[in-house]
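This report concerns only the one structure given below.
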Amino acid sequence: MAENGEPRIEPASAPSSTPPAATAPDSAPPITAGPGPESTAGPDVGRRRSSRRWLIIGAIAVLFLLIIGYVVGGAVAAGVPVSNADKALRTTIDHENAVVAVLNEDPFKGVDLSSSTLDVPKAKSALAGYMQKVLKVQPSVASDRNALQRVRPDLQGSFFTLPEQSTISRDRRRVEAALTALSSAQRGIDILKKQAAFVDALFDASASFIALGKTMEAEDLAGTAAQLPGTGANVKKAADLAQPPDVPEAFGPMVKGMQRAADDVRGLVAAVQANDRAAFQKYVAALEADGKALESIDQNAIDAAQKALFQPLIDSYNRNMKIAAGG
């Protein structure tokens, strides 16, 4: 008790000795500063890691499938235009020999248009046979051009056809070359048709002059006069059709010579009918000069002009058809 009578609390007496601290068992985990992330996650962490792995694998698989789809889709997208282009090119190449034969053939070779001994019926028959070949080839040239022009826009390429771009570019180059070749062929055919019409009129004019010569030799004034309108019409038709560049200017001296000859025959007939001896002698001399001028027509100049007109077209056709064939 305290001196004031209140109870006093006495401190507990300390134990006589301090018990030894308990030792940690060998299997106890080490003590760390705080709980680590894995110490509290347990099996959930493994599941999340596994999920992430599968997501990555899935994403890679999807990307791989997209790439495959892009490549395959590009091949499919390019397949149709490439197939159409190949078909159009094969058809064009199949027609090549016939076109080359027409362009290389010279229908006027060996025909002396200024000769008084020209076999006009034979020459006209040969020309008609040649034009049959031209007219037979022309539809195939036109149809081949149309087919190639239809497939050309499909060979421009796009994002979806990038995997096959080299094939598309190759076929586009072949199609362009084939179109250039066919343009040259069509140009040649157009020229040949104009020249054929011109030469046919020239044959008719030659036939008229041959007939005039026979009536004049027979001193058949009425027969000669009767043929003049037809002769003049044939010569005028030939002159109207002799339009450069499709009909080279090298044909000009021949046409002008025929025009002068027709005029001089007309003058000669008028002189005879008027019994004008001076005029008669004048036109006789003029007709002799006309004959010599026609006989001296430079056939080599005509041949050279024809070659200069057609050879570039032939060369262009052959060169571009080689590219179209893949050469």
How do Val151, Val134 rank when sorted from fewest to most other Cβ atoms within 10 Å of their own Cβ?
Val134, Val151
Beyond 29 Å between alpha-carbons counts as too far, so tell me which of Lys236/Lys292; Lys122/Lys193; Lys109/Lys214; Lys136/Lys292 fall in that bin.
Lys136/Lys292
Log entry: pair-distance distribution for the stretch 229-327, C-alpha pairs binned every 5 Å from zero, whole % per bin is 2, 12, 15, 15, 14, 10, 8, 7, 5, 4, 3, 2, 1, 1, 0, 0
Counting only other residues whose beta carbon sits under 11 Å from that of Asp86, what net charge do I get with K and R as +1, D and E as -1?
+3
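Computed from the coordinates by the stated procedures, all read-outs in this text should not be read as laboratory data. Fair warning: this is a prediction, and the values are worked out from it, not measured in the lab. Positions of Cβ are backbone-derived with ideal geometry, glycine not excepted, and every protein chain shown enters the neighbour counts.
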